[in-house]
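The values are calculated or read from the model by the stated rules, or taken from the named source; none is laboratory data. Please read all numbers here as calculations on a predicted model, not as lab measurements. Cβ placement follows ideal geometry from the backbone for every residue including glycine, while neighbour counts extend to all protein chains displayed. These area figures cover heavy atoms from the full protein model, side chains too; ligands, DNA and RNA do not enter into them. Shrake-Rupley method; radii C 1.70, N 1.55, O 1.52, S 1.80 Å.
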Amino acid sequence: FLCGSEIENYLSHVRKILALLGKETAAILKNGNISVNDPTGGFYLFLDFTPLSEKLVKRGITDGSILCDRLLDECGVAILPGVDGAKALSASYSIPLHEKFPADFLLQYCGNVIEAAEKIVEWGNAE
């Protein structure tokens, strides 16, 4: 794939926007007592709700999966619980880098992402 000046210009602008958006989003979250590091090298934020744990427990939110479900139901905001990625990463360490992952690896450790992609396809193709 050869990148031309048009693509490079586009990518430069997108990176600039995402860098600014990432810093602003992190600042908003920090001001709201949610711990988060500024994103570097991408637009991924890893949120830590520990400072709000007492308030969350009073609302019946006791783990990351419940938090994500409630955030989606009550605010329309979708995030993934950190434990999902941690399980896949932990499992991957037992597989040497030069070996392929087992055929069921993604379904076993990242099944919710696979399911979400399938639902998006189904929804987009509905008549």
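Is it true that some residue in region 74-87 is modelled with pLDDT of 90 or more, under 19 Å from the mean Cα position of the chain (by Cα) and of a type outside the set (F, W, Y)?
Within region 74-87 (the criterion being modelled with pLDDT of 90 or more, under 19 Å from the mean Cα position of the chain (by Cα) and of a type outside the set (F, W, Y)), the answer is yes, since at least one residue qualifies.
Run down A126, A117, A88, A103 and say which single residue is small (G, A, S), exposed (fewer than 12 other Cβ atoms within 10 Å of the Cβ) and within 30 Å of S35 (Cβ to Cβ).
A117
For residues that are hydrophobic (A, V, I, L, M, F, W, C) and either open to solvent by 70 Å² or more (accessible area, probe 1.4 Å) or without any contact (Cβ under 8 Å) to a residue 12 or more places away in the chain (or both), scanning just region 33-53, find the one that is nearest to A78 (Cα to Cα).
Within region 33-53, the match that is nearest to A78 (Cα to Cα) is F46.
Is region 2-22 home to any residue that is of a type outside the set (K, R), within 26 Å of L106 (Cα to Cα) and without any contact (Cβ under 8 Å) to a residue 40 or more places away in the chain?
no
For K30, indicate whether it is in a helix (DSSP H, G or I) and open to solvent by 100 Å² or more (accessible area, probe 1.4 Å).
Judged against the criteria, K30 is not a match.
Could we say that S65 is within 26 Å of S35 (Cβ to Cβ) and within 14 Å of the chain's Cα centre (by Cα) here?
Numbers: within 26 Å of S35 (Cβ to Cβ): yes; within 14 Å of the chain's Cα centre (by Cα): yes.
Judged against the criteria, S65 is a match.
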